[in-house]
Amino acid sequence: MDIRRLLERVKDNDLDINQAMDQLKNFMYEDLGYANIDHHREIRNGYPEVIYCEGKSDEHILGIIEKMNKKGSNILGTRCKKETYDKVKQIYNHAEYEELSKIIKIQNKEIINRGKGKVLVITGGTSDIPVADEAYYTAKFLGNEVVKLYDVGVAGIHRLLNRLPIIQEARVIIAVAGMEGALPSVVGGLVDVPVIAVPTSVGYGANFGGLSALLTMLNSCASGISVVNIDNGFGAGYLASMINKLK
């Protein structure tokens with residue numbers, strides 16, 4: 001529950017002041033012993049806290065979801081195992097899971113599209129799709145119109161050039177690529193909007209788990225490119241959403 005809804009309930013005499021104070025005690029953050037849930041983040045940053053599931057026990061993930069759900073927050077979890085989702089689904093039947101990207105979603109209130117334009121997610125190849133989908137579903141869940149354009153890498157650059165009208169309609173572009181990571185540079189030379197480059201760990205030995213793609217993107221000669229960390233689709237989707245909502 002956000003502060004506006006809480007104040008409206010007090011105003012409408014649906015909640016007395018003491019009850020409202022009890023709810024506000026845990027509004028800033030809630031200490032569970034193993035986690036401090038930042039309930040205030042949506043007011044500060046515009047988005048609720050996101051659960052990074054990798055490395056957390058199922059019990060801890062379920063505990064965090066329970067507390068966030070009581071506040072009426074929309075809940076997004078990244079790097080979530082299917083087995084964990086199955087446990088969540090038993091309790092929250094409206095939970096959804098995206099298998100490739102390992103994204104878990106629990107929508108408790110309407111997602112309002114406040115973006116000023118389209119976010120476009122482009123991949124070099126199909127092996128980059130799990131990371132790209134993480135960006136896609138993150139940006140979509142945060143209230144944006146998001147379009148996919150997959151497998152249009154530089155090995156067959158005609159595939160990219162044939163989609164120029166779609167590319168040039170976007171307000172923000174997320175370019176996801178492994179191997180040598182050249183895709184963001186090419187895209188950056190074709191558009192007048194921000195390009196968020198996402199290196200993936202896709203590639204053979206000298207790719208060094210995505211390091212070669214990361215360095216290529218950092219050293220791009222195309223202007224208007226920013227780079228997130230290797231395989232960080234979530235970070236790219238979140239940043240794209242923030243850019244897309246700027247006036």
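With the simple model of a label 7 Å out from the Cα in the direction of the Cβ, Asn45 to Met242 spans 0.8 nm. Unpaired Cys in the chain, meaning no second Cys C-beta under 4.7 Å: Cys221. Antiparallel beta bridges, as assigned by DSSP with both residues in region 95-247, represent about 15 percent of the total such bridges. For the listed peptides 136-143, 160-167, a ranking on the average number of other beta carbons within 10 Å per residue, highest first, reads 136-143, 160-167. Taking each residue as 0.36 nm, the span from Gln90 to Leu7 lengthens on full extension beyond its C-alpha to C-alpha distance by 26.6 nm. Cys53 exposes around 10 Å² of accessible area when a 1.4 Å probe is run over every protein chain in place. Between Leu62 and Ile17, the simple label model (points 7 Å from Cα in the Cβ direction) yields a spacing of 4.1 nm. Give the label of the value calculated from the structure for Rg and Dmax of the Cα atoms in Å, choosing from [x] 20.0, 66; [y] 21.1, 90; [z] 16.7, 48. So the calculated entry is the one marked [x].
I need the peptides 104-113, 205-214 ranked by packing, meaning the mean over residues of other C-beta atoms within 10 angstrom, with the highest value on top.
Most protected by this proxy first, the peptides run 205-214, 104-113.
A Förster radius of 41 Å, combined with the Cβ-Cβ distance separating Asn162 from Lys70, puts the computed FRET efficiency at roughly 0.25.
Per-atom-type breakdown for region 152-199 gives carbon and sulfur 58% of the accessible area (1.4 Å probe, protein chains only). Extension gain for the segment Thr126 to Glu110, taken as residue separation times 0.36 nm less the Cα-Cα distance, is 2.6 nm to one decimal.
The values are calculated or read from the model by the stated rules, or taken from the named source; none is laboratory data. Worth saying up front: this structure is predicted, and the values here are computed from it rather than measured. Note that each Cβ is placed from the backbone with ideal geometry, even for glycine, and that neighbours are counted across all protein chains shown. Keep in mind that these areas ignore ligands, DNA and RNA; they rest on the heavy atoms of the full protein, side chains included. Shrake-Rupley method; radii C 1.70, N 1.55, O 1.52, S 1.80 Å.
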